[in-house]
Structures are given as structure tokens and as C-alpha cells.
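J.: A single structure is presented below for examination.
All of the numbers you see were taken from the coordinates with simple rules; none came from a lab. Small disclaimer: the values here were computed from a predicted structure and weren't measured. Cβ sites come from the backbone with ideal geometry, for glycine too, and all protein chains shown count toward neighbours.
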Amino acid sequence: MQMTGNTILITGGGSGIGEALAHRFHDLGNTVIIAGRRLDALEAAIGERDNMHAMVFDVENKDGITEFAHRVIGQFPALNVVVNNAGIMRFEPLDQPRDLADAEATVTTNLLGPIRLINALTEHLIAQQNAALINVTSGLAFVPLVSTPTYSATKAALHSYTQSLRAALAGKVEVIELAPPAVQTDLTPGQSTREGYLPLKDYINEVMALFAVKPTPAEILVERVGFLRNAEAENRFEKTFTMLNSAH
């Protein structure tokens, strides 16, 4: 992936990892569009930055995603990089009957949303120079957290989908997976200051260094996430699963 001269769309760009990526890519001379539900949060993320733009985007709105894709292409025809970062994480008890609204919203936001947006933008991206698709998954795609089962499952599914997408678009669009470990963001209540989680600034510094590697790795994996990403390959899945879940 080229590091400058792009027009980049980042969903969920009003906070957390999405906002941090937007700022760092903008600093490198890229045109950056951040998209999310709340215009005020997007505008706050932009601040006084020139050539950074906000677009309202509801990842849960099936028909709205297609309309949004047409709108973003119309306003930014040079769009060549898409970062599927929007996501939610909900805690769900599995040992009792429950309202499945949280599970359904998680599947819609974390899995169907990226699939629908990719579907709406792939034809455009194939026609662009230096096109790239970046899907944000999670270390929990590889070792699930029992208290967030649907989140973990959607990230595992997006990891699998990204592998298929990479093969299908080979030679046309570069497909990259960004799999964070536990990072200090507002993804869940209290997470932004939770001890033991990787500070956001440290995470983004390591991520940007990996993006700059030539060729860009197919998976952007900071050192800390290797504990989860490599658990099965290193024949320590059960031990890692137990350690992860006993700590939460």
C-alpha cells in the first residue's frame, strides 16, 4: 500500500483507532474521509485539519450503505483506499435466555456492514490505481472472549472473509487485515483507561511502522497481538483461551 497521495475512507473514524488512523494518514498527505453516525463527533475529530472530510454513515442501514457508496464516489472520485473500522462490542451472557438484540446488532455492524460496503465499492476500487481494502478485525478473531461471544465470532468471520477477498482481488485491489490486541479506546465502558491494555498512541505508532514496510504485510499485527494470533499455530490454544478468559 502506498502511504501518501491516497484518498482514504475510514468508517468509525470519529473516535478510537479510526480517528487515530485518520490523523496519521492525513499527516502523510492523504485526503481522508471519516464516516460515522454522529456528525458532531466526526467534526470534532477533524478539528482544523484541511483536506479531511466528514460524512454521515449508518453501518446498520442496508439500503443506506448503497446510497452512501454512490455519494462518496460522487464527491471523491479518486477514492482508492477503504478502511472498514466501524464496530461495536457488547457483553452477552450465554448461560441464560436473553434478548438477542445485542447479538443481532453486532452481526449487522461488524460483519454485514463491511461486506455490504465492500460490495458497493469493489467495482470502483478495481478501476483505481494503488487501490487497497483494509478490514479491522481483532485478536479475538483467533481466541474468543467468552463474555463477548458475538463480537469474537464476527471478527473471526471477517478474518475468513478477508482471506477469500484477498484471493479474489489479487492483482486488482490490495487486501489487508488489521487485527488489534486490547487497546485503550472507548470501544467498551472504561476501556480507554484500563490497566494492561495497549495505549492507543503506542498502538498506532507500531501500526504505521508496519504499514510502511515494503511490501505491506497482508496482516498488520503489532507484537502484542501475536499472543492471540499465533496461539493455535503454536499449539497453545487451550492454554491461551484459559488465560484470556480467566483475566476477564
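J.: Among Val175, Val81, Val183, which one shows the highest mean-square fluctuation when the chain is modelled as a Gaussian network with alpha-carbon springs under 10 Å?
T.: Among Val175, Val81, Val183, the largest GNM mean-square fluctuation belongs to Val183.
J.: Kindly write out, for the range 55-67 in residue order, the coupling ³J(HN,Hα) from the Karplus curve 6.51 cos²θ - 1.76 cosθ + 1.60 (θ = phi - 60°), rounded to whole Hz, with x marking Gly and Pro.
T.: 9, 6, 8, 10, 5, 7, 8, 4, 5, x, 5, 5, 4
J.: Something else: State, to one decimal in nm, how far the label point of Asn119 lies from the label point of Lys239, with both points 7 Å from Cα in the Cβ direction.
T.: Placing both labels 7 Å along Cα→Cβ, they lie 4.3 nm apart.
J.: Step through the residues of the range 187-201 one at a time and calculate ³J(HN,Hα) from phi using the Karplus curve (6.51 cos²θ - 1.76 cosθ + 1.60, θ = phi - 60°), rounding each to whole Hz and writing x for Gly and Pro.
T.: 4, 10, x, x, 5, 5, 10, 6, 5, x, 7, 6, x, 4, 4
J.: Here's another thing I want to ask about it. Counting alpha carbon pairs within less than 8 Å and at least 6 residues apart, what relative contact order, in whole percent, applies to the range 7-246?
T.: 17 percent
J.: Still on this structure, please answer the following. Measuring from centroid to centroid over Cα atoms, what is the spacing of the range 194-248 and the range 111-158 in Å?
T.: 17 Å
J.: Hey, what number do you get for the chain at 222 nm if only DSSP H runs of n ≥ 4 count, each worth -39500 (n - 2.57), divided across all residues, to the nearest 500? Intermediate results must be reported in sequence, preceding the final value.
T.: Numbers: 9 runs with 101 residues, N = 248.
After summing the helix terms and dividing by residue count, I get -12500 deg cm²/dmol.
J.: Can you quote the Å³ per residue value for the convex hull of the Cα atoms in the range 94-223, rounded to an integer?
T.: Working: hull volume 16.3 nm³, N = 130.
So the per-residue hull volume is 126 Å³.
J.: Quick one: which of 119-130, 31-42 comes out on top by average Cβ neighbours within 10 Å, and what's the full order, highest first? Don't skip to the end; give the middle numbers.
T.: On the way: 119-130: 15.1, 31-42: 19.8.
My ranking of the peptides, most packed first, is 31-42, 119-130.
J.: Taking 0.36 nm per residue of sequence separation and subtracting the Cα-Cα distance, how much length would be gained by fully extending the chain between Asp63 and Asp50, in nm to one decimal? Don't skip to the end; give the middle numbers.
T.: Details: separation 13, 0.36 × 13 = 4.68 nm, distance 3.06 nm.
Full-extension gain reported as 1.6 nm.
J.: Ok, one more. Taking amide H positions as placed in the peptide plane 1.01 Å from N, state which residues far from Val175 in sequence (5 or more) or on other chains have amide H under 5 Å from it.
T.: Leu133
J.: Let me ask something else about it. Please compare each pair in Lys62/Lys201; Lys201/Lys239; Lys172/Lys214; Lys155/Lys239 to a cut-off of 27 Å on the Cα-Cα distance and tell me which ones are over it.
T.: Numbers: Lys62/Lys201 33 Å; Lys201/Lys239 30 Å; Lys172/Lys214 18 Å; Lys155/Lys239 21 Å.
Check vs 27 Å cut-off fails for Lys62/Lys201; Lys201/Lys239.
J.: Sticking with this structure for a sec: Spelling out what I want: for every residue of the range 20-27, take phi, set θ = phi - 60°, compute 6.51 cos²θ - 1.76 cosθ + 1.60 (Karplus), and round to whole Hz; glycine and proline get x.
T.: With the stated coefficients, the range 20-27 comes to 5, 4, 4, 5, 5, 5, 5, 4 Hz.
J.: Now for a separate question. For the range 36-168, just list the percent of Cα-Cα distances falling in each 5 Å bin from zero outward, please.
T.: Whole-percent P(r) values from 0 Å outward: 2, 10, 17, 20, 19, 15, 10, 5, 2, 1, 0.
J.: Another question, then. Based on Cβ point charges of +1 for Lys and Arg and -1 for Asp and Glu, what charge dipole magnitude is obtained for the range 7-246 about its Cα centre, in debye rounded to the nearest 20? Spell out each step's value before the answer.
T.: Working: 19 positive and 27 negative charges, 82 e Å.
I would put it at about 400 debye.
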